[in-house]
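Contents: one structure, followed by commentary.
The values are calculated or read from the model by the stated rules, or taken from the named source; none is laboratory data. This one's a predicted model, so the numbers in the text were calculated from it and none came from an experiment. Cβ placement follows ideal geometry from the backbone for every residue including glycine, while neighbour counts extend to all protein chains displayed.
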Amino acid sequence: MGPALELTSVPPWTVTPTQPPADVSGRSWAIVAFGDDTESVVSTWSEQLAAAYPDQQPRVYRVGDDAEAAAALTNELATAVVGWRLMVAGPAAACLRLRARALARGVAEDEITIATTDVAIRDVQCVHCRTVTTAAVGIEDTVECSGCGRNLLVYYHVSRLQGAHLGFMVDAERLPEEVASR
């Protein structure tokens, strides 16, 4: 049994798909949506923002990958002013990566709203070789590192700056001969 999620760095939206309401506290908005599964989220957020601010529309970026999402973020940050908000929808792994990029560029945590459509796939960064392995794996499960081949335990920690879960060798406490004899 692991710790209570609220006591960890794991955002709840990476464990259970969520659709929070639009952040109507802002004055301008960018919605970055990864994939077709996000249409209902984009529609709901757009309707909520239109109800609060009938004269303003969010800028919506429908992206297919991290490069397109990064370009959308760069475009938005070039003209962002006080009151700008970033709303991201899509698979949790993609949302974590874009959130990390936004935080690294100075966007505050409270300026970001995230809705997740899929939480099965995780990016796991190996603490031993720093390789990021992407796999369908749960927290407390193990995955083989695509860099060094170690069996990594997916731990209750998400790096805000890397946008990945922490993974460390599951049997690191055992002596090498104990590991080899298994």
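When region 112-136 is limited to residues that are in contact with a Cys (Cβ under 9 Å, 6 or more places away or on another chain) and more than 22 Å from P58 (Cβ to Cβ), the one that is surrounded by the fewest Cβ atoms within 10 Å (Cβ to Cβ) turns out to be C129. If you go through region 136-151 and keep only what is under 15 Å from A92 (Cβ atoms) and assigned to a strand (DSSP E or B), you end up with just A136. Annotation: C148 fulfils all but one of (1) in contact with a Cys (Cβ under 6 Å, 6 or more places away or on another chain); (2) of a type outside the set (F, W, Y); (3) surrounded by 15 or more Cβ atoms within 10 Å (Cβ to Cβ); the unmet one is (3).
Rundown of residues vs (1) touching a residue at least 12 places away in the same chain (Cβ under 8 Å); (2) in contact with a Leu (Cβ under 7 Å, 6 or more places away or on another chain); (3) in a strand (DSSP E or B), yes/no style:
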residue: V10; (1), (2), (3): yes, no, no
residue: P17; (1), (2), (3): yes, no, no
residue: V24; (1), (2), (3): yes, yes, no
residue: V32; (1), (2), (3): yes, yes, yes
residue: E39; (1), (2), (3): no, no, no
residue: V42; (1), (2), (3): yes, no, no
residue: D55; (1), (2), (3): no, no, no
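The condition (being surrounded by fewer than 22 Cβ atoms within 10 Å (Cβ to Cβ), within 12 Å of the chain's Cα centre (by Cα) and either outside any loop (DSSP other than H, G, I, E, B) or outside the structural domain of V32 (by TED's automatic domain parsing) (or both)) is satisfied by just one residue among L103, L166, L98: L103. A residue that is in contact with a Pro (Cβ under 8 Å, 6 or more places away or on another chain), among the aliphatic types (A, V, I, L, M) and at pLDDT 90 or above can be found somewhere in region 26-40.
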